[in-house]
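Contents: one structure, followed by commentary.
The values are calculated or read from the model by the stated rules, or taken from the named source; none is laboratory data. Given the structure is predicted, the values throughout are model-derived calculations rather than measurements. Because the Cβ atoms are built from the backbone with ideal geometry, glycine has one as well, and the counts that use them run over all protein chains shown.
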């Protein structure tokens with residue numbers, strides 16, 4: 001059945017605004033028969049401020065642009081070396097509410113980290129994945145429209161963490177950001193992407209996968225994840 005199929009798109013390093021607009025367009029144009037999709041990518045350096053974001057959590061932007069976006073949550077940073085996964089999922093069709101979906105995404109990241117013998121956990125008061133109570137490695141920000149999700153998760157693999165010092169990540173002043181390269185030697189972002197997608201597909205109950213390597217909504221796909 002069509003709801004059992006998921007399309008996987010490997011999109012390389014992408015401009016945030018272009019990708020965001022493409023997600024909105026996909027969500028607006030899809031119908032009840034449209035297959036869900038997973039977009040795997042990295043972003044050029046950018047700060048994004050969620051719908052309820054407070055400006056005081058942006059301490060110093062320097063030369064990095066700031067975008068006000070329509071996901072939940074506060075301010076965060078995206079840059080090369082951070083694995084970004086956008087699950088464009090019909091939550092109504094999957095019979096998932098937002099809290100259940102957030103938990104599913106958190107558990108997916110936790111499961112990948114466990115494969116590398118890293119113990120991580122979620123916090124009910126602050127969505128995302130933490131190595132301990134003060135070090136955050138994975139972030140989640142979602143928007144649900146017409147019963148369908150866009151935006152998604154970001155898992156820090158091997159990136160420049162310095163820009164996180166210019167903000168209170170996710171509005172939390174008492175945490176620092178960590179990444180997989182601080183816990184294991186030379187993590188391969190492409191391998192980790194495949195692991196994460198595999199777990200995510202399983203958790204969401206898809207049985208068939210379609211890989212696309214084409215141009216979509218102005219985004220040129222590349223083999224990168």
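Here is a yes/no grid of residues against (1) assigned to a helix (DSSP H, G or I); (2) under 23 Å from residue 17 (Cβ atoms); (3) in contact (Cβ under 8 Å) with a residue 60 or more places away in the chain:
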position	(1), (2), (3)
96	no, no, no
110	yes, no, no
139	no, yes, yes
153	no, yes, yes
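Looking across region 10-23, the residues that are buried (at least 16 other Cβ atoms within 10 Å of the Cβ) and either at pLDDT 95 or above or closer than 15 Å to residue 69 by Cβ (or both) come down to 14, 16, 19, 20, 22, 23. Selection of region 187-200 for residues being part of a loop (DSSP other than H, G, I, E, B) and in contact (Cβ under 8 Å) with a residue 12 or more places away in the chain yields only 187. For region 155-170, the set of residues classified as surrounded by 20 or more Cβ atoms within 10 Å (Cβ to Cβ) and over 14 Å from the mean Cα position of the chain (by Cα) consists of 159, 163, 164, 167, 169, listed by residue number. Listed by first and then second residue, the pairs linking a residue in region 12-24 that is part of a helix (DSSP H, G or I) to a residue that is surrounded by 14 or more Cβ atoms within 10 Å (Cβ to Cβ) and modelled with pLDDT of 95 or more, with Cβ atoms under 6 Å apart and 6 or more places separating them unless they lie on different chains, are 16/43; 16/46; 23/150.
The rows are residues; the columns are (1) in a strand (DSSP E or B); (2) in contact (Cβ under 8 Å) with a residue 60 or more places away in the chain.
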residue: 87; (1), (2): yes, yes
residue: 105; (1), (2): no, yes
residue: 124; (1), (2): no, no
residue: 143; (1), (2): yes, yes
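Quick check on residue 76: is it under 23 Å from residue 187 (Cα atoms), modelled with pLDDT under 95 and in contact with a strand residue (DSSP E or B) (Cβ under 7 Å, 6 or more places away or on another chain)? Yes.
For residues that are farther than 17 Å from residue 83 by Cβ and either touching a strand residue (DSSP E or B) at 6+ places or on another chain (Cβ under 9 Å) or modelled with pLDDT under 95 (or both), scanning just region 171-201, find the one that is surrounded by the fewest Cβ atoms within 10 Å (Cβ to Cβ). Among those that are farther than 17 Å from residue 83 by Cβ and either touching a strand residue (DSSP E or B) at 6+ places or on another chain (Cβ under 9 Å) or modelled with pLDDT under 95 (or both), it is 174. Of all the listed residues (147, 138, 152), the sole one being surrounded by fewer than 20 Cβ atoms within 10 Å (Cβ to Cβ), modelled with pLDDT of 95 or more and in contact with a helix residue (DSSP H, G or I) (Cβ under 9 Å, 6 or more places away or on another chain) is 147. Evaluate the following for residue 70: is it farther than 18 Å from residue 164 by Cβ, in a helix (DSSP H, G or I) and either touching a strand residue (DSSP E or B) at 6+ places or on another chain (Cβ under 8 Å) or touching a residue at least 40 places away in the same chain (Cβ under 8 Å) (or both)? No: the conditions fail for residue 70. For region 25-62, the set of residues classified as touching a helix residue (DSSP H, G or I) at 6+ places or on another chain (Cβ under 8 Å), assigned to a loop (DSSP other than H, G, I, E, B) and closer than 21 Å to residue 162 by Cα consists of 44, 45, 53, 54, 59, 60, 61, 62, listed by residue number. Among the residues of region 45-61, the one identified as out of contact with any strand residue (DSSP E or B) (no Cβ under 6 Å at 6 or more places or on another chain) and modelled with pLDDT of 95 or more is 45. A count restricted to region 25-47 and to residues that are over 29 Å from residue 95 (Cα atoms) and free of Cβ contacts under 8 Å to residues at least 40 places away in the same chain stands at 2. As for region 105-125, it holds no residue that is buried (at least 21 other Cβ atoms within 10 Å of the Cβ), modelled with pLDDT under 95 and touching a helix residue (DSSP H, G or I) at 6+ places or on another chain (Cβ under 7 Å).
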